[in-house]
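Notes to accompany the following structure.
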Amino acid sequence: MAKKFTPKVLTANHLLSGDVIYWDEKGDWVGAFEDALYLDTEKLANHVLTLAEKQQDVIVGPYLADAALGPDDKPMPAHFRETFRMTGPSNYHHGKQAEA
Amino acid sequence: MYSYSQFDKDFIAERNKQFRAQVERRIDGSLTETEFKPLRLMNGLYLQLHAYMLRVAIPYGTLRSSQMRQLAMIAEKFDKGYGHFTTRQNIQFNWPKLRDVPDILDALAEVEMHAIQTSGNCVRNVTSDHFAGAAADEIEDPRPTAELLRQWSTDHPEFAFLGRKFKIAVVGSETDRAVTKAHDIGLRMVRGADGEAGYEVIVGGGLGRTPMVGKVIRDFLPAEDLLPYVESILQVYNRLGRRDNKYKARIKITVHENGLDVIRDEVEKAFVLQRQAFGGYDQELYASIKEAFAPPAFIDAPLDAFYAAQNADASFRSFVDTNLAEHKNPDYAIVTISTKAHGKTPGDATADQMRVMADLAETYGHDELRISHEQNVILPHVHKSHLPEIYARLREAGLATANIGLISDIIACPGMDYCALATARSIPVAQQIATRFDELKLEHDIGALKIKISGCINACGHHHVGHIGILGLDRAGVENYQITLGGDHTETAAIGERAGPGFAYDEIVPAIERLIHGYLDLRSSADETFIETYRRLGAAPFKAVLYPAEQIAAE
């Protein structure tokens, strides 16, 4: 049986910097998870992934990451792995969290 | 130490030039990521969770001060001001930018370093005893063997696309400080019946999802037969090793599925041919490499300052008791510099700290440094009269933690704080254990103990061979930590036994604390170490303290 679709955001790493980035509603790449386009249908998610895969001169390794809507209706990670990617390493304050 | 020949220099320069062009072609869109990925991996460039990561080889863990200074420069100029020493005696830079990587590789080449074969299904960086050339119990310095293997395996056309990665470790002492029994090939330098030099050859060890202790395939291999014999093992592995399933592709599975006797017979058959093919050039090379590893010119000086400092300063005394190992020259010591100050990331060193260590090596350490698989830095040759000054400088740099071999001297892989393969974090668990036992002031009372933590089943943190192993997993979207007990990374290698159900992230440090208090109650005397107590009593009493609620329910 096919796995039930759960909402996603599209994420990748920036080709030159390696930074974690997300696809927003304008089709731009942005740094904040909460600014990502919330993909609540499988069709939309797959469509956006197909578009991203054509941008390999800008990004590396695009994939759909599980997401949920937070209290402010903005996307938030649904899995702790994406929380770390969104924030940066938890061993001490550096990486993305220090550059925000 | 070995210095690059013109051949080595030309080879690295050519590879760097090739990679620079490949990076440019990736950036201008001529290469897709699918095309570029195998090329970047061949040059040690990974993509991790937050950024690229460049893994730089430190052959058999040996560095000169100039090399350490260059690593510091790279950390500062191209990264976030630090580097991470790994269980493979390598260094990883966690934040390089793609466009900078060719410049980083050129900077490495300036000091005879590179990142080739730090990834991919090839023979990886050959590892060795971090006390090589210095240890009092050494039969022979294993580094010339490691260097011979490095030269033989670098860009070896037949072994560039093996079924899976291949790791070789070499030791020259009775005490195994390089975990040889957890490598695809482990080599122990031994002496034959008439005192002739040779190797005990161990094959098929490995950790990961199917941990196995290596088996002796040859009790005694004459030294001159090393390369033909190792090449024969690789040939047999290349032929019989599985390529249908990545998880069954390491030689440990080939040995397990075919049986050691079959593998041995096949290797011996191949060896007959290989032995003829080598023709002696390898031995000329080995002889010249050996000359490069001649011992330093040890000094002769009074030891009064050392003894005076030992009497006067309790913290220096503690450092001496914990961080020094016996050198073959009784006036010298091997100094292990802990990169594991309580609460810090195991294996991390800042650029400033790298420079301090480089300066100390240059001034007091015959210009030698080593990286251990336990993620510490070694000054292998220190005259004892220099120890007070070294200790003072290390203290100023936050590098004088007296915890080598103790509970806070934890191996921890990068885990989910950096690694794309990780299923859970490992570094914060190590930080919390170290901090907690420092608060309890129990570390020295507990004594010798190896805790090793991996953030996924691939076991980069060697958890299977920790006295206490911790494996971080993802259980239904939540970090969960399994404990193994009784592992051993030495010449008496053993795979730890899983203690029982895993613990949540916020339960794992209290669980370790229960385990340690249990050990303190169970040990027969203050001299009985954790592993000795475990071997005497077995797992049951340790499980009882780990799972008190389940114990009560069972009763």
_Within region B:382-416, take every residue that is over 20 Å from the mean Cα position of the chain (by Cα) and among the acidic types (Asp, Glu) and give me the one that is nearest to the other protein chains (Cβ to nearest Cβ)._
B:Glu396
_Sole residue being outside the structural domain of B:Met53 (by TED's automatic domain parsing) and buried (at least 20 other Cβ atoms within 10 Å of the Cβ), chosen from B:Ala160, B:Ala75, B:Ala115_ = B:Ala115
*Filter region B:224-266 down to the residues that are in contact (Cβ under 8 Å) with a residue 60 or more places away in the chain and of a type in the set (A, V, I, L, M, F, W, C), then identify the one that is nearest to B:Met212 (Cα to Cα).*
B:Ile251
*For region B:30-44, enumerate the residues that are within 10 Å of another protein chain (Cβ to nearest Cβ) and aliphatic (A, V, I, L, M).*
B:Leu31
*Would you point out the residue of region B:120-140, among those that are in contact with a helix residue (DSSP H, G or I) (Cβ under 8 Å, 6 or more places away or on another chain) and not in a loop (DSSP other than H, G, I, E, B), that is nearest to B:Ala57 (Cα to Cα)?*
B:Thr127
*If you take the residues of region A:45-87 that are surrounded by 15 or more Cβ atoms within 10 Å (Cβ to Cβ) and of a type in the set (Lys, Arg), which of them is farthest from the chain's Cα centre (by Cα)?*
A:Arg81
_Tell me which helices (runs of 4 or more DSSP H) are completely within region B:478-553 and hold 1 or more residues being among the aromatic types (Phe, Trp, Tyr) and within 14 Å of chain A (Cβ to nearest Cβ), or say none if there are none._
B:505-522
*Here is a list of conditions, (1) within 14 Å of chain B (Cβ to nearest Cβ); (2) within 14 Å of the chain's Cα centre (by Cα); (3) crowded, with 17+ Cβ neighbours inside 10 Å, and A:Leu15 meets all of them except one; can you say which number that is?*
(2)
*Do you know which residues across region A:56-80 are free of Cβ contacts under 8 Å to residues at least 12 places away in the same chain and either within 10 Å of chain B (Cβ to nearest Cβ) or more than 12 Å from A:Glu34 (Cβ to Cβ) (or both)?*
A:Phe80
*asked:* Tell me which helices (runs of 4 or more DSSP H) are completely within region B:366-447 and hold 1 or more residues being of a type in the set (Gly, Ala, Ser) and over 23 Å from B:Tyr505 (Cα atoms), or say none if there are none.
replied: B:387-396
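The values are calculated or read from the model by the stated rules, or taken from the named source; none is laboratory data. Treat the numbers as computed from the prediction; the structure is a model and nothing was measured. A quick note on method: Cβ atoms are made from the backbone with ideal geometry, for glycine too, and the neighbour counts reach across all protein chains shown.
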